[in-house]
């Protein structure tokens, strides 16, 4: 008998909510098969079977919020039964429809690939359809079948599609390799003939002048973490208007050398490079306050978190060892993390280990703002838009320069004012004279 526990996906994670069971009680699974989908305050993840076995003794149902490391089910060997102390009463688990002759895993793969199970021949015991049968049918490798149209979609997109009775086959995906995102489903407009059916399937809004929107696990966790940060960490703010002339010139030269299919290097990548370089000489800004141990940890790695806005919240994926990478490499990693964040494809390692954060809202036309520190980090940099402004030149004459406002929020329990001010001074130097970073 093998215990299945609720895994811990993040450093500060304490619970996870069960989104969907992908197999049912009594189903035979193989090691690595997904058993259920759970959501934390940051990402949706699948819990996989650690060994081969038969799912039994399921203790949690969809919607339950479960503490990490708690036992949620068991995997039994053939002929093995649950001991008395593992019996907690039946929990109804609705597995995906199997079409009557398919294994739960095969049914799930078929749903993901858009395969009609009635057209698939089974090679399993008693003619049961296996995962290999579905995958072979999808690629046209078995039974002379024409390759089935693949429907690639994120778990969040599938959930919204179910709630809105949307046929994913009709939705165009904007994600990598055409994968359907949550935003694609939300923006989908059915044909006029189908619209009445779809609208009838959506629960009407409550009466009155407002619409009730339940707090999601992510939204609730974001609120709790930021409220705790704002209430417990004495924030001190430092603003600087930084001349981006040299950075813009550098980006023009760098982007000119890229091939047409390569993504253009952005201001975010340039700021990340400058921040990472500056943090090398300012360890107190690259630290964590561990209150439970009454310690401040000066981190040996510089891992920059880049805030990414989602449809229903905010997530901060992390660029590891940012000080060891050039702008082009940073730009590629930031872009990749943002795409995977919005398509719900991040892994736990992508959102862990951050030592400093950057939040850039300049692309939304925001001139300046302050950001709340992402605990247990000690600081975060808010980046506004770059706009043309008159400033005095060396002779006191007005000239037009691209100016970007940046605001550092620091935890005064860890960072003194003079320390933060020197960091901003060196950051200005790195951005206004980028050649300094080569010295």
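The values are calculated or read from the model by the stated rules, or taken from the named source; none is laboratory data. What you see is a predicted model, and the numbers here were worked out from it, not measured in a lab. Cβ placement follows ideal geometry from the backbone for every residue including glycine, while neighbour counts extend to all protein chains displayed.
If you check 326, 417 for being more than 20 Å from the chain's Cα centre (by Cα), without any contact (Cβ under 8 Å) to a residue 60 or more places away in the chain and in the same structural domain as residue 271 (by TED's automatic domain parsing), only one passes: 326.
Reported count of residues in the range 36-52, each being modelled with pLDDT of 90 or more and assigned to a strand (DSSP E or B), is 0. In this structure, is residue 33 in contact with a strand residue (DSSP E or B) (Cβ under 7 Å, 6 or more places away or on another chain), touching a residue at least 60 places away in the same chain (Cβ under 8 Å) and either over 30 Å from residue 318 (Cβ atoms) or in the same structural domain as residue 307 (by TED's automatic domain parsing) (or both)? Here the answer is no, as residue 33 does not meet what is asked. Count of the range 157-180 residues, restricted to those that are assigned to a helix (DSSP H, G or I), at pLDDT below 75 and surrounded by fewer than 15 Cβ atoms within 10 Å (Cβ to Cβ), is 5. Of all residues in the range 63-72, those satisfying the criterion of being outside any strand (DSSP E or B) and under 21 Å from the mean Cα position of the chain (by Cα) are 63, 68. If the condition is being assigned to a strand (DSSP E or B) and within 22 Å of residue 216 (Cα to Cα), then the range 307-338 contributes 308, 309, 310, 313, 314, 315.
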